[in-house]
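The values are calculated or read from the model by the stated rules, or taken from the named source; none is laboratory data. A quick note: this is a predicted structure, and the numbers were derived from the prediction, not measured. So basically every Cβ, Gly included, is an ideal-geometry build from the backbone, and we count neighbours across all protein chains shown.
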Amino acid sequence: MYRVWNFVATYSVLLIGGAVVALIWANTDAASYHHIVEYPLWFNGWIGVDIGHWEHAYGEAAHHLEYGDVERVVTFHYLVNDMLMALFFAIAGKEVWEAVILKNGSLRGKKAATPLFATAGGMLGPIVVYLGIAMLLGSSTFDAVARGWAIPTATDIAFSYLVGRLVFGAGHPAVRFLLLLAIADDAAGLIILAIFYPSGELAPQWLLLSVFAAASAFIVFNWLPRKLDAGDELRKRSTWVRKHMGWLPYAIAGCLSWYGFARAGIHPALGLLPVIPAIPHADRAFGIFSDAERYLKDTLNQMEHALAMPVEVVLFFFGLLNAGVVFNAISEATWLVLAGLLIGKPVGIFLFGWFAAYPMRLGLPAGMRTLDLIVVGCVAAIGFTVSLFVASVAFPGNAIQDAAKMGALMSFGAVFIAFIAGKLLRVEKQNSDLPLDSH
């Protein structure tokens with residue numbers, strides 16, 4: 001259990017701390033809170049939010065600053081959400097990449113088929129519930145909130161996995177099922193962000209810069225040294241590149257790729273993802289919560305470990321700059337997000353999981369009951385991190401954004417629902433821990 005607590009402490013405690021501070025701050029002095037969120041750090045013509053949009057968001061205070069004729073401004077919010085959160089999504093992307101590409105990856109083969117179908121249900125269910133209820137509320141409400149359909153599709157990996165272990169016991173096969181589902185959910189969430197939530201006017205030609213940066217890093221610093229080392233047991237060239245160049249070529253490629261995404265109009269927080277496949281990686285993964293991963297010496301894992309502490313700080317500021325919602329902001333969007341998560345997730349996961357397990361005859365893991373799918377769905381309804389992020393890009397700078405964020409924050413209620421569902425459906429806890437490298 002200590003490994004899970006350690007992961008949650010690393011990636012979530014500071015996030016929650018930032019969110020709590022933001023809620024208190026916004027509800028005691030909303031003006032000073034929003035002043036800090038939109039505080040301008042750099043006026044320029046290349047990156048940042050549109051100057052007109054910023055002037056509207058910053059209000060009267062913008063007229064007291066001299067910044068000349070510029071098109072863009074990097075605000076505190078942009079620095080965290082669009083630039084530094086790229087590090088968080090890079091770590092999530094690394095786990096997804098290993099799960100898909102490695103021979104022992106958790107998202108390869110028949111063992112992942114039913115969780116993948118359940119993931120599809122866990123995303124379609126919330127969308128149907130969210131948009132369906134919005135339509136029932138009338139066309140004006142539907143038009144106002146429709147863009148937020150992806151907010152309730154997210155699952156917070158760290159918290160859902162922790163709660164799953166508490167509900168089912170560390171050794172229950174449903175815990176492994178839940179982890180596979182959460183990883184696949186993250187992968188789908190990254191795709192949704194890239195396709196459906198562009199950060200500006202699309203200019204896809206700029207993606208060539210990202211492709212060029214990733215391909216160049218792979219060929220020059222990964223593939224070519226290994227090719228030249230063919231037949232050399234000492235692997236002199238690969239070793240020299242690893243020792244003397246380290247992560248620097250991939251960091252430079254990441255910066256270029258990020259800029260390519262920003263100019264292409266795709267959310268730049270995803271800008272590091274194309275570079276991940278270019279980085280040398282181990283031939284196996286021990287699992288996202290495994291302590292053994294820190295002993296892997298490949299460049300990809302070393303970069304992840306080096307980023308652990310910076311990402312802790314980034315997540316604190318992400319919580320601080322995104323969770324500052326006044327309590328009277330609760331409206332229809334709040335309840336739509338909650339309904340999507342608390343109703344759509346469990347129903348979708350159960351229906352699609354059942355269909356995959358029985359009509360499609362893909363089966364469930366040994367020792368896992370059909371009713372356990374309902375409990376898994378309740379656990380997976382914890383949105384939070386990615387739900388907050390999607391809310392911030394779906395409804396830029398308006399009251400509906402605050403209401404939707406409140407729904408994402410309130411999704412922590414799924415913790416209590418999961419425990420109640422576990423008791424009512426008589427989940428038999430299995431506390432013998434599973435080896436985390438078994439997948």
Answer residue from the range 1-52, given it is over 22 Å from the mean Cα position of the chain (by Cα) and charged (D, E, K, R) and is modelled with the lowest pLDDT among those: D50
Unmet requirement for N44, which otherwise passes all of (1) under 24 Å from P268 (Cβ atoms); (2) free of Cβ contacts under 8 Å to residues at least 40 places away in the same chain; (3) surrounded by fewer than 21 Cβ atoms within 10 Å (Cβ to Cβ); (4) in contact with a His (Cβ under 9 Å, 6 or more places away or on another chain): (4)
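Taking the condition touching a Gly at 6+ places or on another chain (Cβ under 6 Å), surrounded by 24 or more Cβ atoms within 10 Å (Cβ to Cβ) and outside any loop (DSSP other than H, G, I, E, B), does S411 pass? Write out each step before concluding.
Values: touching a Gly at 6+ places or on another chain (Cβ under 6 Å): yes; surrounded by 24 or more Cβ atoms within 10 Å (Cβ to Cβ): yes; outside any loop (DSSP other than H, G, I, E, B): yes.
Yes: the conditions hold for S411.
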Contacts under 9 angstrom Cβ, first residue in the range 208-222 being among the acidic types (D, E), partner in a helix (DSSP H, G or I), 6 or more apart: none
Evaluation of G132 against (1) closer than 30 Å to F261 by Cα; (2) of a type outside the set (A, V, I, L, M); (3) modelled with pLDDT of 95 or more (one fails), failing number: (1)
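In this structure, is G353 crowded, with 21+ Cβ neighbours inside 10 Å and over 22 Å from the mean Cα position of the chain (by Cα)? Step through it out loud before you land on a result.
Numbers: crowded, with 21+ Cβ neighbours inside 10 Å: yes; over 22 Å from the mean Cα position of the chain (by Cα): yes.
It is true that G353 is crowded, with 21+ Cβ neighbours inside 10 Å and over 22 Å from the mean Cα position of the chain (by Cα).
Pick from the range 146-168 the residues that are of a type in the set (A, V, I, L, M) and not in a helix (DSSP H, G or I): which of them is nearest to F395 (Cα to Cα)? Can you show your working first?
Applying the first criterion (of a type in the set (A, V, I, L, M)) to the range 146-168 yields 146, 150-151, 154, 157-158, 162-163, 166-167.
This time we only want the ones that are not in a helix (DSSP H, G or I), so: 150, 154.
Details: A150: 12, A154: 16 Å.
Per the criteria, the residue is A150.
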Index of the failed condition, A356 passing every other in (1) part of a helix (DSSP H, G or I); (2) under 18 Å from G164 (Cβ atoms): (2)
Residue satisfying all of: in the range 365-386; at pLDDT below 90 and surrounded by 14 or more Cβ atoms within 10 Å (Cβ to Cβ); farthest from G344 (Cα to Cα) among these: P365
Residues being touching a residue at least 40 places away in the same chain (Cβ under 8 Å), over 21 Å from E201 (Cα atoms) and of a type in the set (S, T, Y) - total across the range 239-280: 1
